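Please read the structure below before turning to the comments.
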Amino acid sequence: MSLNTEKIRALVDKREEARLGGGEKRIDAQHEKGKLTARERINLLLDEGSFEEYDMFVTHRTFSFGLDKEKYYSDGVVTGRGTIDGRIVFVFSQDFTVFGGSLSETFALKICKIIDQAMKIGAPVIGLNDSGGARIQEGVRSLAGYAEIFQRNILASGVVPQISAIFGPCAGGAVYSPALTDFITMTERTSYMFVTGPKVVQTVTGEIISTEDLGGANVHATKSGITHFLTETEEEGILLIRKLISYLPQNNLEDPPVIKNTDPIDRLEDSLNEIIPDNPNKPYNVKDVIRLTVDGGDFLEIQRNYAKNIVIGFARYNGRPVGIVANQPMFLAGVLDIDASRKAARFVRFCDAFNISLVTFVDVPGFLPGSSQEYGGIIIHGAKLLYAYGEATVPKVTITLRKSYGGAHDVMSCKQLRGDMNYAWPTAEIAVMGAKGAIEVLEGRNIAKIESDEEKSKYIQAKESEYIEKFANPYQAAKYGFIDDIIEPRNTRFRIIRALEALSTKKEMNPPKKHCNIPL
Ligand code: HXC
């Protein structure tokens, strides 16, 4: 065997060793838990054969606790770049088979390297997390490593899309890297996230709680809203990331990718003409409106089980990706509350940062009243959504379907918040408040003077009808130009598409500043 052949054989052997991570036993243990290995996840995520690994031969630099005798190539994280549908992405995948995927100094440097390169090239970063946290043997060097990553997450925010999958433990300060990224997906049963685990919780507060109940995927999908997606399996989570990426531009200087559309742009949806119930207090599912108007009915909903009174997600109109925000009358009558405002505000800001047009469907009776909302700071949280819409310079198309009352009318991408095209269905009711509330305020004194209950209710009914006739319609707003046009519901798809095409060259700039001061 020539020297060259020997050296090449050595390289092949080393690569083979690196690919085994912490060894076959630990790989088997990983599979037994129903989890994939770091490399299996990458193979599923990226286009076949596209992965180019970086820093495969990196090992840790720690000598204490006997670690000088225990080293693994890649040091617990597989990093590199590849493609999804032919577009470059950078990826890191934490390898639980090596020291429980715990983060060492060199592990952190590997992640920093790919984020730095993603920033130079202008490509998304996808992090697959499965880690026991800071590598205990490395002490503060590990903490510094986390902070190096956090800093890069912060600088990359709004420059390249950052997506995190949680496929195992993610605890302590480690949660803050995913929290700084744009989207998180978790898997049922095998993933969890918390700042302090059940044992610490019990010691400090006395509360006894399981890992799943404290920070499992279901908790974060429904109660905290931390995760944007929840899937049964890792495979589904990975496919979801591929789908999510298909809506996004590579970076903030690009437009999102337009794909070929086969759904007729002038498709009339007669059922939309009938979708609003005659009774204004009856709900309907706003997701039907979304699905019936977007290309092929394909809607990628985000935070589906959190703050269900507002619906957000990605879809396409004539192949062009958009971010959709819609009040959902099926839950809490579609009111804006703290959670809904925060959920939608962050989404609006993401879309604006990445040049994704916004389509807003409005059916909002107002803000949720009550002391719990006021004590929780609905003023500041509602202001977030207001701020996000007002700050956004991407094309904004708003369609008022039914109610649009009071402050919530202003918040939901109204004309004066630089809404580009504001349409209303004939069923729209754009007013300061609903008829009942308005008549109570305006006619309270007169109503009190009426003695007979029957007369009272007749009077109220007459006044309410008068109010509805006068104010609970779209024509008042249209009269002042606050609504650009009143459209037939079945024609909504075509009108949105035409508006978005016209707005595709929109240029609007905010005044120069260091950064804004959104109410946090
Ligand atoms: C070094 C670790 C490790 C860690 C796990 N391992 N966590 N090694 N540092 N943080 C090693 C184990 O020794 C074991 O090695 C292997 O990984 C698998 O761990 P197991 O415990 O056998 O696995 P499992 O039963 O599945 O439990 C997983 C776990 C548990 C729940 C994550 O390992 C655990 O509680 N780890 C400690 C978590 C922790 O406290 N981390 C520090 C948090 S503080 P062998 O050789 O047996 O395979 C923190 C601060 C971050 O992260 C601050 C950022 C600002």
Could you tell me whether segment 452-460 includes any residue that is out of contact with any Gly (no Cβ under 7 Å at 6 or more places or on another chain), at pLDDT below 90 and loosely packed, with under 12 Cβ neighbours inside 10 Å?
no
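Of the residues Ile166, Ile126, Ile115, only one is within 13 Å of the ligand (Cβ to nearest atom), hydrophobic (A, V, I, L, M, F, W, C) and within 21 Å of Gly80 (Cβ to Cβ); which?
Of the residues listed, the single one that is within 13 Å of the ligand (Cβ to nearest atom), hydrophobic (A, V, I, L, M, F, W, C) and within 21 Å of Gly80 (Cβ to Cβ) is Ile166.
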Which of (1) surrounded by 12 or more Cβ atoms within 10 Å (Cβ to Cβ); (2) free of Cβ contacts under 8 Å to residues at least 60 places away in the same chain; (3) of a type outside the set (A, V, I, L, M, F, W, C); (4) part of a helix (DSSP H, G or I) is the odd one out, the single condition Asp47 does not satisfy?
(4)
Identify, please: which residue in segment 31-40 is more than 13 Å from the ligand (Cβ to nearest atom) and in contact (Cβ under 8 Å) with a residue 60 or more places away in the chain and is, among those, nearest to Tyr73 (Cα to Cα)?
Ala38
Matching residues in segment 46-104 - criterion: being within 15 Å of the ligand (Cβ to nearest atom), touching a strand residue (DSSP E or B) at 6+ places or on another chain (Cβ under 8 Å) and among the charged types (D, E, K, R):
Asp95
With the requirement that a residue be more than 11 Å from the ligand (Cβ to nearest atom), of a type in the set (A, V, I, L, M) and over 23 Å from Tyr247 (Cβ atoms), what does segment 176-207 give you?
Met193, Val201, Val204
Quick one: which residue in Val201, Val219, Val258 is modelled with pLDDT under 95 and not hydroxyl-bearing (Ser, Thr, Tyr)?
Val201
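Hey, could you check segment 66-92 for residues that are basic (Lys, Arg) and assigned to a strand (DSSP E or B) and say which is surrounded by the fewest Cβ atoms within 10 Å (Cβ to Cβ)?
Step one: filter segment 66-92 for residues basic (Lys, Arg), giving 69, 71, 81, 87.
Next cut, assigned to a strand (DSSP E or B) only: 81, 87.
Values: Arg81: 20, Arg87: 15.
Within segment 66-92, the match that is surrounded by the fewest Cβ atoms within 10 Å (Cβ to Cβ) is Arg87.
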Among residues belonging to segment 1-30 that are in a loop (DSSP other than H, G, I, E, B) and within 12 Å of the ligand (Cβ to nearest atom), point out the one that is surrounded by the most Cβ atoms within 10 Å (Cβ to Cβ).
Gly21
Within segment 129-148, restricting to residues that are more than 6 Å from the ligand (Cβ to nearest atom) and under 17 Å from Val195 (Cα atoms), the one that is nearest to the chain's Cα centre (by Cα) is Asn129
If you take the residues in segment 329-342 that are surrounded by fewer than 24 Cβ atoms within 10 Å (Cβ to Cβ) and touching a Gly at 6+ places or on another chain (Cβ under 8 Å), which one is nearest to Val362 (Cα to Cα)?
Val335
Which listed residue is touching a Leu at 6+ places or on another chain (Cβ under 7 Å), surrounded by 24 or more Cβ atoms within 10 Å (Cβ to Cβ) and not in a loop (DSSP other than H, G, I, E, B), from Gly382, Gly390:
Gly382
As an exercise: evaluate Gly132 against (1) closer than 22 Å to Leu20 by Cβ; (2) at pLDDT 95 or above and give the number of the one condition it does not meet.
(2)
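Just checking, which of Glu269, Glu234 is over 18 Å from Val359 (Cβ atoms) and over 16 Å from the mean Cα position of the chain (by Cα)? Outline the logic, then answer.
On the way: Glu269 fails: over 18 Å from Val359 (Cβ atoms).
One residue alone meets the criteria, Glu234.
Where in segment 410-512 are there helices (runs of 4 or more DSSP H), lying fully within it, with 2 or more residues that are among the charged types (D, E, K, R)? Working first, answer last.
Values: elements: 435-449, 453-471, 475-479, 492-503.
The helices (runs of 4 or more DSSP H) meeting that bar are 435-449, 453-471, 492-503.
Residues checked against (1) among the small types (Gly, Ala, Ser); (2) in contact with a strand residue (DSSP E or B) (Cβ under 7 Å, 6 or more places away or on another chain):
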position	(1), (2)
Lys110	no, yes
Lys120	no, no
Pro124	no, yes
Ser131	yes, yes
Gly145	yes, yes
Residue pairs, Cβ under 6 Å, 6 or more apart or interchain, first in segment 459-488 and more than 27 Å from Asn446 (Cβ to Cβ), second of a type in the set (Lys, Arg) and buried (at least 17 other Cβ atoms within 10 Å of the Cβ). List them.
Phe482/Lys415; Ile487/Arg495
Residues in segment 418-435: is at least one buried (at least 19 other Cβ atoms within 10 Å of the Cβ), modelled with pLDDT of 95 or more and in contact with a Gly (Cβ under 9 Å, 6 or more places away or on another chain)?
no
Is it the case that some residue within segment 149-159 is free of Cβ contacts under 8 Å to residues at least 40 places away in the same chain, among the aliphatic types (A, V, I, L, M) and more than 8 Å from the ligand (Cβ to nearest atom)?
yes
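The values are calculated or read from the model by the stated rules, or taken from the named source; none is laboratory data. This structure is a prediction, so every number in the text was calculated from the model and none was measured. Cβ atoms come from the backbone with ideal geometry, glycine included; neighbour counts cover every protein chain shown.
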